Each structure stands twice: as C-alpha cells, then as structure tokens.
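Below is one structure, written out as structure tokens; the observations come after it.
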Amino acid sequence: MELLVKRAMNGDGESFIQLMETYRESMLKVAWGFFSNQEDVADAMQQTILNAYEHIGELKKINYFKTWLIRILINNCTQLYNSQKPMADQEEAADQSYFDTYPGENSFFDLLSLLERKDRVIFQLYFGEEYTTREIGEFLGIKESTVRSRIHRGKEQIRKQIQREEWA
C-alpha cells in the first residue's frame with residue numbers, strides 16, 4: 001500500500017485510482033453516517049477524491065494515508081451537512097428513516113438508523129472502521145470522553161430499542 005501512496009504522491013494517476021478503489025467502501029460507510037440520500041453521499045465522495053488528488057503531495061506520513069483521507073471526507077461531509085442544515089432538519093422532523101437507501105443494507109446499518117446523526121458517525125468510525133476513541137475525537141474535533149460517552153449512550157439506546165422490538 002505504501003508503494004501505491006508514494007506513486008500517487010509522485011503524480012501516478014493509476015496508483016491514485018487504485019487507492020480510491022481500495023478505500024471506497026470505508027469512505028461510503030462514513031459518508032452514509034452523515035447523509036440519508038445517495039446524492040449527498042456522492043457529492044461528499046466526489047469532493048473528497050478531488051481534494052485528496054489536489055493535496056496528496058501535502059501528506060506527511062505515508063502510513064497515515066487512510067486516516068488523512070477519512071479526515072478530508074469528514075470535513076467535506078460536515079461542510080455539506082452544515083450548508084443544508086435548515087432544510088435537513090425539516091426533512092428529519094418529517095421522516096426519521098435515515099438509512100432507507102443504503103446500498104446492501106444489513107443489521108449494522110439498521111441498528112445505526114436508531115441513533116442520532118452525530119452518533120451514527122461515531123459508531124461507524126468506531127465499530128465499522130475500528131478507529132480509536134482518541135482518533136475519532138481528533139477527526140470530529142470533540143473530546144475523547146465525549147466520544148466514549150456517546151458510544152455508551154448509543155449502545156444503551158440500541159439495547160433498549162431491541163428489547164422493545166421497535167427496530168425490527
């Protein structure tokens with residue numbers, strides 16, 4: 001993987017494309033944590049790929065490529081989400097089915113749909129991508145203790161919902 005990153009940093013477009021394909025699924029999962037429709041996910045992904053391509057020469061440590069890429073994605077998702085927030089809040093109040101359109105739905109994403117948007121991203125990064133609470137805190141600009149408490153509260157919320165069989 002490091003060889004691909006080095007080649008991409010030296011301007012090899014094919015290596016960059018291979019890197020994007022390698023991390024495509026991880027990026028999609030994180031983007032779906034922010035958005036409930038395919039168009040917004042596609043916009044965030046497209047902007048992330050463009051930003052990564054334009055700034056790959058600025059990557060300081062090759063072995064942190066994935067972390068760097070996910071950070072760019074989170075920044076783009078946050079920016080897009082904030083630009084749509086008034087409209088998104090109205091839509092969410094009318095329809096709470098966040099993950100209805102996620103491709104290849106499975107029980108993990110069904111469970112994530114029970115959580116608030118801010119917690120879904122944390123759960124995806126922690127359980128889906130296996131980042132540490134410290135890394136997630138750095139990604140999202142929040143304290144590590146806040147990440148841990150949101151994970152704890154989210155697990156409790158999911159547990160209660162499952163016991164009530166409201167999620168099935």
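For a Förster distance of 22 Å, can you work out the FRET efficiency between the beta-carbons of K118 and R159, rounded to the nearest 0.05? Can you show the working numbers first?
Numbers: r = 19 Å, r/R0 = 0.87.
For K118 and R159, the calculated efficiency is 0.70.
Given region 22-77, report the % of alpha carbon pairs whose separation exceeds 14 Å. Write out the running numbers ahead of the final one.
Numbers: 755 of 1540 pairs.
Counting every Cα pair in region 22-77, those more than 14 Å apart make up 49 percent.
Any idea how far apart D12 and L59 come out in nm if each label point goes 7 Å out from Cα toward Cβ?
1.2
Using a 10 Å cut-off on Cβ atoms, rank the peptides 21-30, 113-122 from the highest mean neighbour count down. Let's see the in-between values first.
Details: 21-30: 16.9, 113-122: 19.5.
Highest-to-lowest ranking by the protection proxy: 113-122, 21-30.
Output the pairs from K6/K118; K29/K160; K66/K160; K60/K155; K60/K118; K61/K118 with a Cα-Cα distance over 26 Å in this structure; if there are none, say none. Don't skip to the end; give the middle numbers.
Numbers: K6/K118 34 Å; K29/K160 24 Å; K66/K160 34 Å; K60/K155 36 Å; K60/K118 29 Å; K61/K118 29 Å.
From the list (K6/K118; K29/K160; K66/K160; K60/K155; K60/K118; K61/K118), the Cα-Cα distance tops 26 Å for K6/K118; K66/K160; K60/K155; K60/K118; K61/K118.
Applying the Karplus parametrisation 6.51 cos²θ - 1.76 cosθ + 1.60 with θ = phi - 60° to the phi angles of region 133-142, what ³J(HN,Hα) value in whole Hz is obtained for each residue in order, glycine and proline being reported as x?
5, 5, 4, 5, x, 5, 4, 8, x, 10
Values quoted throughout were computed directly from the atomic coordinates according to the rules given, and no laboratory measurement underlies them. What you see is a predicted model; the values in this text were computed from it and never measured. In this analysis, Cβ positions are derived from the backbone assuming ideal geometry, glycine residues included, and neighbour counts consider all displayed protein chains.
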